[in-house]
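Below is one structure, written out as structure tokens; comments come after it.
The values are calculated or read from the model by the stated rules, or taken from the named source; none is laboratory data. The structure presented is a predicted model; accordingly, all values stated were derived computationally and were not measured. Positions of Cβ are generated from backbone atoms using ideal geometry, with glycine treated the same way; all protein chains shown enter the neighbour counts.
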Amino acid sequence: MPVQHYDITHTTTYRYAEPVSFGLHRVMFRPRESHDLRVLATDLQVSPPASIRLIQDPYSNSVALVQPLDSAAELKFVCTFRIEQVPTPIESLLEIDPAAEYLPFAYSVQDRLDLEHYLRPHHDDPEGVLIRWAHQFLQGEQESKRTRDVLSRMNAHIGSTLTYEVRNEEGTQTPLQTLERGSGSCRDYALLMMEAARRLGIATRFVSGYLYDAALDAANTAEGSETPISGAGSTHAWMQAYLPGAGWVAFDPTNNIMGGQQLIRVAVARDPAFASPLSGSWFGSANAYLGMEATVDVRRVDPLAPPMPG
């Protein structure tokens with residue numbers, strides 16, 4: 001796969017009817033580096049001025065601890081990054097260990113020790129609704145129970161049978177709520193697939209990050225040659241399944257994407273609650289809060305172009 005370079009700008013603004021004071025904020029915006037992704041430049045600007053300290057959380061995600069120093073009627077975070085990405089060829093993602101080629105399969109003892117929190121369901125299913133929903137993807141002959149095929153069918157089914165909705169408020173629907181309502185956001189879709197796959201014995205984890213959409217890129221918009229996809233323009237969420245021989249493989253049920261192309265990961269966790277892009281507190285009158293606005297701009301760039309200001 002060719003090397004791609006992207007400039008990312010993530011802006012979040014909180015507005016208040018009057019000046020308020022702020023507690024500590026946790027910012028998880030920085031892309032997560034690995035063999036397929038490098039961060040070449042980064043900058044974080046906060047208004048009002050703030051002290052910033054960088055740490056790694058238990059999942060080795062990069063977290064900025066931000067403490068605004070002054071009261072204000074607006075709190076604004078502007079994060080900019082330039083990254084280099086080399087998506088893993090889809091052929092590599094299909095090279096699953098023969099012992100795990102069909103469901104059900106068993107992880108090795110050592111893998112189970114490391115994957116315990118990703119194998120255990122985190123949301124209740126008292127009447128077996130979710131497990132029955134998951135088992136529909138196992139129907140048919142043995143050949144139809146190939147692990148990657150079951151996950152691919154589930155990935156496609158969610159996006160084609162549920163109604164996608166943008167929801168800016170915090171929190172994630174439970175899988176049962178998503179099935180009952182027949183709709184959800186990208187994080188709801190990801191959690192549904194995670195919990196369903198766990199009930200089939202597959203280790204999964206939640207991923208938050210960014211989505212590159214060529215239709216929103218200035219270079220392609222004028223030509224109108226690309227079809228927009230869901231989730232671009234804001235933070236995005238998907239899931240990864242751990243498949244022996246292939247490792248962590250991305251599945252985006254919102255757009256029926258398999259693999260890392262177009263997906264730029266920021267944080268991973270066993271549950272969406274631990275991968276919130278931005279969280280914090282403020283102190284003031286109860287009716288002071290006016291709302292929040294967040295935008296994400298991901299552009300493919302020439303690697304020789306000047307880096308972003310920062």
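For (1) outside the structural domain of residue 250 (by TED's automatic domain parsing); (2) within 15 Å of the chain's Cα centre (by Cα); (3) modelled with pLDDT under 95, each residue gets a yes or a no:
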residue: 145; (1), (2), (3): no, no, yes
residue: 168; (1), (2), (3): no, yes, yes
residue: 196; (1), (2), (3): no, no, no
residue: 218; (1), (2), (3): no, no, yes
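Quick one: would you say residue 66 is of a type in the set (A, V, I, L, M) and crowded, with 18+ Cβ neighbours inside 10 Å?
So residue 66 passes the test.
Quick one: is residue 3 within 30 Å of residue 148 (Cβ to Cβ), of a type outside the set (Gly, Ala, Ser), out of contact with any helix residue (DSSP H, G or I) (no Cβ under 8 Å at 6 or more places or on another chain) and surrounded by fewer than 14 Cβ atoms within 10 Å (Cβ to Cβ)?
Yes.
Counting only residues that are more than 21 Å from the chain's Cα centre (by Cα) and surrounded by 14 or more Cβ atoms within 10 Å (Cβ to Cβ), which one in segment 18-39 is nearest to residue 291 (Cα to Cα)?
Per the stated criteria, the residue is 20.
State which residue is farthest from residue 134 (Cα to Cα) when the search covers only segment 151-204 and only residues that are among the small types (Gly, Ala, Ser) and not in a helix (DSSP H, G or I).
Among those residues, the one meeting the criterion is 171.
Across segment 40-57, which residue is farthest from residue 71 (Cα to Cα) among those that are crowded, with 19+ Cβ neighbours inside 10 Å and out of contact with any Phe, Trp or Tyr (no Cβ under 6 Å at 6 or more places or on another chain)?
Ranking the candidates gives 44 first.
Under the condition of being part of a strand (DSSP E or B) and touching a Ser or Thr at 6+ places or on another chain (Cβ under 9 Å), which residue from segment 265-290 is farthest from residue 190 (Cα to Cα)?
Among those residues, the one meeting the criterion is 283.
Regarding residue 255, is this residue outside the structural domain of residue 33 (by TED's automatic domain parsing), in a helix (DSSP H, G or I) and at pLDDT below 95?
Judged against the criteria, residue 255 is not a match.
Of the residues 21, 62, only one is farther than 18 Å from residue 268 by Cα and in contact (Cβ under 8 Å) with a residue 12 or more places away in the chain; which?
21
Out of the residues in segment 78-120 that are exposed (fewer than 15 other Cβ atoms within 10 Å of the Cβ) and over 25 Å from the mean Cα position of the chain (by Cα), which is nearest to residue 64 (Cα to Cα)?
Per the criteria, the residue is 110.
Would a scan of segment 170-190 turn up a residue that is more than 30 Å from residue 278 (Cβ to Cβ), surrounded by fewer than 21 Cβ atoms within 10 Å (Cβ to Cβ) and in contact (Cβ under 8 Å) with a residue 60 or more places away in the chain?
Within segment 170-190, none of the residues are more than 30 Å from residue 278 (Cβ to Cβ), surrounded by fewer than 21 Cβ atoms within 10 Å (Cβ to Cβ) and in contact (Cβ under 8 Å) with a residue 60 or more places away in the chain.
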